[in-house]
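> I have a structure here, written as structure tokens, and I will follow up with some questions on it.
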Amino acid sequence: MSIYNKIRIIFLVAVLFTTAFFSSFVYIQKNDHIQRIEKRYMQTSLYIHRYFKQNIEKNPKAYFQDSNLKLFLDESDFTFVKNRKHIKQVLKNSHLIYMRKLPNSHLEVRGIKGQFYLYIKNPRYKIMFKDKQLAKFPWHILVWYLLALVFLTALYFWLTRSLKPLKTLQEQIQKVVEGNLSVSVKSNQNDEIAQVANAFDDALRKLESLINSRQLFLRSIMHELKTPIAKGKLLNEFLEDNNSQKDSYEAVFERLELLIEEFSKIERMLSSSYKTKLASYNARDIIEQALELMIMDEEEIEERVTIIADAPCSVYTDFELLSLAIKNLIDNAIKYSPDSSVKIIIKKDGIYISNIGEQFTNSLKPYLEPFHGQKNGLGLGLYIVQNILKMLSLEIEYSYTKGENLFWIKVS
């Protein structure tokens, strides 16, 4: 899960908790308000009920002229509803909110369009009071809720905007992975992401400098080697045509040129500038090309190399690169075999290269590192093979059975 999705989930949970908090607060406030209303209505009802009971013989029209009753109704925010037509409309169109029975009386609280009414029924009288206090929507709570949402939204966009350089850094790193070292991730900000970006950019510049120095060094060596080869070939032309050494020298110079071309491919491959040319090839053709790269004449190849085709094998690969990898495996097999011979077996599941001799290794892993120093030589053969096969999405396995070292290039 990406960091952006995690942030979205966190803020979604925060919004849900905020909504739940304000909803709970509104619910509590509403219940508290209803309880206070019920208490006020009960107090008013009991007072009126007691008042009428004590003054039952009094003229009913004079009830509401009493100053004490008027004062009580004013303090309780109630007013007497005199219009009988209006009383009938309220009873017909309002909804019942609260109902309770009192001694010899019946109490109802009714509501209509945000207005509340207190209706008292008694065998001797029926009266209605209008509540002066209107049911108000809790706008202040809604305002605070909206402000909280605005704050969370602003915080979300501020945080995602501050992480935007991290996305840019990831895109630039992907370009580096693809082999483009010229990208720059320098940042002028002062946060931790900028520090990481600047440190990565500094490391990238140093790496680019080292790679450029290595390429210049290798190319200079290959260029200097071409000069004596060219001179040797020129001098070879002055030898007599019937001189037996002329053909031998010519073959040596051609092999040296092939070696330089091989070094050039390896240098380009390791610098990630090589673009693979993938297609389906016959395994036998790839092996023949690998043998062409060997510094050996045809008689020597026939003597030392045995090719056995058990089954047809087709490989989707880069012809030149895989030929170079197999050439290195054949070189190693001949080099470390007591009889200087190698057997190449073509099967449906891959190419097998084997030689007779002592066990080469228990674990192939140390030999896949450059300059490992495990055997004679520079220790680059299997390192080059591993890098080539990695580029081609192929695998190599090693086993030792019955006095035979076996390298297997797996073909899917």
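> Can you give me the number of residues within region 1-33 that are exposed (fewer than 13 other Cβ atoms within 10 Å of the Cβ) and more than 30 Å from THR168 (Cα to Cα)?
Matching residues across region 1-33 total 12.
> Separate question: Would you point out the residue of region 34-43, among those that are at pLDDT below 80 and surrounded by 12 or more Cβ atoms within 10 Å (Cβ to Cβ), that is farthest from ASP131 (Cα to Cα)?
ILE34
> Inside region 1-21, can you point out the residues that are of a type in the set (Gly, Ala, Ser) and over 29 Å from PRO165 (Cα atoms)?
Matches in region 1-21: ALA20 only.
> Still on this model: Name the single residue, out of those in region 46-84 being of a type in the set (Gly, Ala, Ser) and at pLDDT below 80, that is farthest from LYS121 (Cα to Cα).
Filtering first and then ranking leaves SER67.
> State whether one or more residues within region 368-382 are aliphatic (A, V, I, L, M), in a helix (DSSP H, G or I) and at pLDDT 70 or above.
Checking region 368-382: at least one residue is aliphatic (A, V, I, L, M), in a helix (DSSP H, G or I) and at pLDDT 70 or above.
> While we're here: Among what's in region 181-200 and is surrounded by fewer than 12 Cβ atoms within 10 Å (Cβ to Cβ) and out of contact with any helix residue (DSSP H, G or I) (no Cβ under 7 Å at 6 or more places or on another chain), pick the residue that is nearest to LEU210 (Cα to Cα).
Filtering region 181-200 for residues that are surrounded by fewer than 12 Cβ atoms within 10 Å (Cβ to Cβ) and out of contact with any helix residue (DSSP H, G or I) (no Cβ under 7 Å at 6 or more places or on another chain), the one nearest to LEU210 (Cα to Cα) comes out as SER182.
> Would you point out which residue out of ASN93, ASN83 is surrounded by fewer than 16 Cβ atoms within 10 Å (Cβ to Cβ) and in contact with a strand residue (DSSP E or B) (Cβ under 9 Å, 6 or more places away or on another chain)?
ASN93
> Criterion first (over 27 Å from VAL13 (Cα atoms) and touching a Leu at 6+ places or on another chain (Cβ under 6 Å)) does VAL196 satisfy it?
The answer is no for VAL196.
The values are calculated or read from the model by the stated rules, or taken from the named source; none is laboratory data. Quantities reported herein were computed from a predicted structural model and do not represent experimental measurements. For neighbour counting, all protein chains shown are included, and Cβ atoms are generated from backbone atoms with ideal geometry for every residue, glycine included.
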